[in-house]
Structure formats: C-alpha cells, structure tokens
1. Suppose the filter is open to solvent by 60 Å² or more (accessible area, probe 1.4 Å), over 25 Å from LEU18 (Cα atoms) and assigned to a helix (DSSP H, G or I); does LEU111 pass it?
2. Every residue in region 93-104 that is out of contact with any strand residue (DSSP E or B) (no Cβ under 7 Å at 6 or more places or on another chain), assigned to a loop (DSSP other than H, G, I, E, B) and either basic (Lys, Arg) or closer than 13 Å to GLN120 by Cβ (or both), please.
3. On the given criteria, is GLU112 farther than 25 Å from ASN10 by Cβ, modelled with pLDDT of 90 or more and under 13 Å from the mean Cα position of the chain (by Cα)?
4. What are the pairs, 6+ residues apart or on separate chains, where a residue within region 1-23 that is open to solvent by 90 Å² or more (accessible area, probe 1.4 Å) has its Cβ under 8 Å from a residue that is in a helix (DSSP H, G or I)?
5. Just one of VAL60, VAL73, VAL128, VAL78 is β-branched (Val, Ile, Thr), in a helix (DSSP H, G or I) and either within 25 Å of LEU45 (Cα to Cα) or in contact with a helix residue (DSSP H, G or I) (Cβ under 9 Å, 6 or more places away or on another chain) (or both); which is it?
6. So for region 47-57 (the condition being in contact with a Leu (Cβ under 7 Å, 6 or more places away or on another chain) and assigned to a loop (DSSP other than H, G, I, E, B)), does at least one residue qualify?
7. Condition test on TYR99, is it open to solvent by less than 70 Å² (accessible area, probe 1.4 Å) and among the hydroxyl-bearing types (Ser, Thr, Tyr)?
Amino acid sequence: LFQQITTYMNSSDVREYLGVPTGLSFGGGEICSSDVADALEGVTLQSSAADLSYVLGQGVPALIFNGNFDWTVPVCSVELLLSSDDMKNGGWGNGYEEYAAANRTVWKFGLEQKTAGYLQTGGGLQHVVVADAGHMA
C-alpha cells in the first residue's frame, strides 16, 4: 500500500496540483524517516490547534479526516481539538463560529446510498469521519 501511495503522490499531476518543487519527492523509500522522528521529538504531544486556527485565519482551507475506528487519533480527540479555546482564540476569526454552527451531514455513496462517513464544513475547514476505517483512512 505504501508503494501505491508513494507512486500516486509522486505523479506529475499530484505534484503540480500541490506545488511540489522539482527535486523533492514523497516517501524517500522509507515509511518512517528517523530524521523526521528526531526533529519532532518533544513536540508530538503538543496541540496544534493554535497553528491550525492561524492557518485557517489566513484563508488557507484545510481538510481533516480520520476513521471512526482510529485509535491512534480518535475522532473524539479531533473534535475536542476543533472545539478548543486555542481554535476559538487562535486567529481563525468568524470561521470558528461558522464551523461550530455547521451541521454534520451524512456522506453517502453508490447506488444503494451506503453511509461512507460524516462531514462538517465551515470557515474553510472540512472535517470528514470515514465510516468503518481506522488510522490509515
């Protein structure tokens, strides 16, 4: 699966869409880089709510998705982050109220309209909960 994701992320269409500079690639042949892990040591358990709020406040849209069976990053933890004071007071402005007031809708697919998950959208943020999926949703 990782090789398929790497191939997709390194395709010219995806690279162009994401604005990836020439010479950079996704994956680098390792699933987990020790350089990245070393650089993140000490900050992995710090909240990123204020940073996310600031980025959203600058008009950069964001998509957060996780599976409803994700035990690594549980849906309830993401929902707590998105409703935190850091999100509310971190520079997002009116986007916070727009997101908080938005209804969660059911995401359905196929001819039988099976439930694929749930979506809440507002203030430039989309939070998708993928049904029957785990951490690698």
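The values are calculated or read from the model by the stated rules, or taken from the named source; none is laboratory data. Please read all numbers here as calculations on a predicted model, not as lab measurements. Ideal geometry is used to build each Cβ from the backbone, glycine not excepted, and the neighbour counts take in all protein chains shown. Accessible surface is based on the protein model in full, side chains and every heavy atom, while ligands, DNA and RNA are left aside. Shrake-Rupley method; radii C 1.70, N 1.55, O 1.52, S 1.80 Å.
1. No: the conditions fail for LEU111.
2. ASN103
3. The answer is no for GLU112.
4. Taking only residues 6 or more apart or on different chains, the pairs are TYR8/VAL14.
5. The match here is VAL78.
6. Among the residues of region 47-57, at least one is in contact with a Leu (Cβ under 7 Å, 6 or more places away or on another chain) and assigned to a loop (DSSP other than H, G, I, E, B), which makes the answer yes.
7. yes
Rundown of residues vs (1) touching a strand residue (DSSP E or B) at 6+ places or on another chain (Cβ under 7 Å); (2) open to solvent by 40 Å² or more (accessible area, probe 1.4 Å); (3) closer than 15 Å to GLN126 by Cα, yes/no style:
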residue	(1), (2), (3)
ASP51	no, yes, no
LEU56	yes, no, yes
VAL60	no, yes, yes
ASN66	yes, no, yes
TRP71	no, yes, no
PRO74	no, no, no
GLY91	no, yes, no
